[in-house]
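Data first, discussion second: the structure below is written as structure tokens.
Any read-out appearing in this document is the output of simple, stated calculations on the displayed coordinates, not a laboratory observation. What you are looking at is a predicted structure, and each value in this text was computed from that prediction instead of being measured. Backbone-built Cβ (ideal geometry, glycine too); neighbour counts: all protein chains shown.
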Amino acid sequence: MSEHPDQRSPQEWRAILSPEQFRILREKGTEAPGSGKFDKHQPSSGVYTCAGCEAPLYEATHKFSSGCGWPAYFDSIPGAVTRREDRAFGMARTEIVCSNCGGHLGHVFKGEGHATPTDERHCVNSISLNFADGDKVEKGE
């Protein structure tokens with residue numbers, strides 16, 4: 001049994017996610033660098049939410065320009081993101097997933113020297129996110 005509250009089956013996820021969202025969120029895929037809608041998105045307020053379950057993940061004020069080709073955040077909303085060891089591709093990385101549904105967001109890197117409060121870079125796939133600023137919701141697709 002998964003440790004996440006949202007326990008939808010793969011069939012239920014396929015019914016609500018696009019094929020590309022399913023590949024990334026549920027099968028741990030990655031979008032091409034520079035291709036995501038939120039890479040250069042720099043709002044002054046609002047919240048980035050999980051594209052699968054709409055759980056709030058990142059405040060707009062957490063986002064910074066890292067030049068990596070994916071949206072970058074120096075921190076998440078407390079408790080919103082779960083870290084897991086990822087040893088795929090012969091290297092040790094830290095995967096980040098939505099704490100509510102377990103959807104794959106990307107990876108977190110530490111100690112890269114970014115001038116942020118945490119010296120962390122949450123490297124997130126745009127397609128894993130939606131953005132809500134007041135009444136308007138933007139999707140990362």
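For the chain, what is the Kirkwood estimate of the hydrodynamic radius, computed as the reciprocal of the mean inverse distance between distinct Cα atoms, to one decimal in Å?
On the way: mean 1/r = 0.0664 Å⁻¹.
One over the average 1/r among Cα pairs gives 15.1 Å for the chain.
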Strictly under 4.7 angstrom between C-beta atoms: which cysteines of the chain have no such partner? Cys68, Cys123
Tell me which lysines have Cα within less than 17 Å of Lys40's Cα, excluding those fewer than 8 residues away on the same chain? Lys63, Lys139
Packing-ranked peptide list from 99-107, 29-37, highest mean Cβ count within 10 angstrom first, is 99-107, 29-37
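Which value does Rg/Rh take for the range 75-139 over its C-alpha atoms, Rh per Kirkwood? List each step's numbers first, then the result.
Details: Rg = 13.2 Å, Rh = 13.2 Å.
Reported Rg/Rh, Kirkwood definition of Rh: 1.01.
Highest first, please rank the peptides 88-98, 69-79 by the mean number of other Cβ atoms sitting within 10 Å of their residues. Write out the running numbers ahead of the final one.
Numbers: 88-98: 14.0, 69-79: 19.5.
Ranked from most to least packed, the peptides come out as 69-79, 88-98.
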Assigned charges on the beta-carbon of Lys, Arg, Asp, Glu; the chain dipole about Cα centre (debye): 280
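Rank-order 121-127, 18-24 by packing density, defined as the average count of other C-beta atoms within 10 Å over each peptide's residues, highest first. Numbers along the way, then the final one.
Numbers: 121-127: 24.9, 18-24: 16.9.
By packing density, highest mean first, the sequence is 121-127, 18-24.
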For a label point 7 Å from the Cα of Thr94 along Cα→C-beta, name the residues of the range 38-76 whose backbone N is under 15 Å from it. 73-76
